[in-house]
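Below is one structure; the comments refer to it alone.
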Amino acid sequence: MNDSFRQRNTAFFDQIGRLIEQSPLHDAQRNLRALAHSAAGRLDLVTRDEFDATQRMLLAARQQIDTLEAQVHELQARLDNGSQSAPASPEDAWR
């Protein structure tokens, strides 16, 4: 009895699945999905990997800018305090 119940249920759900695939609603969904993919393909979109790589580059640039700003502020403070001694080398000016 249990096997025949499963077979009837399986056949019933298979039939419902076929009817849904043949329904106008399913056709409309399929057409809408194709239209959405087509429209998205024409947009100037980037992949997630490209976005993440750009975000990492932006973060690195931001950190470098912060470091350079701190160095400029330090040099400006030295000048403002009358510390006119020249650095031993150009590289020391950035330390």
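The values are calculated or read from the model by the stated rules, or taken from the named source; none is laboratory data. Bear in mind the structure is a predicted one, so any value in this text is a computation, not a measurement. Neighbour counts run over all protein chains shown; Cβ positions are idealised from the backbone, glycine included.
Of the residues making up the stretch 46-53, not a single one is part of a helix (DSSP H, G or I), surrounded by 10 or more Cβ atoms within 10 Å (Cβ to Cβ) and either assigned by TED's automatic domain parsing to the domain that holds Ile16 or hydroxyl-bearing (Ser, Thr, Tyr) (or both). Looking only at residues in the stretch 54-86 that are part of a helix (DSSP H, G or I) and of a type in the set (Ser, Thr, Tyr), the one that is nearest to the chain's Cα centre (by Cα) is Thr54. Considering each residue of the stretch 20-27 in turn, none proves to be loosely packed, with under 10 Cβ neighbours inside 10 Å and among the small types (Gly, Ala, Ser).
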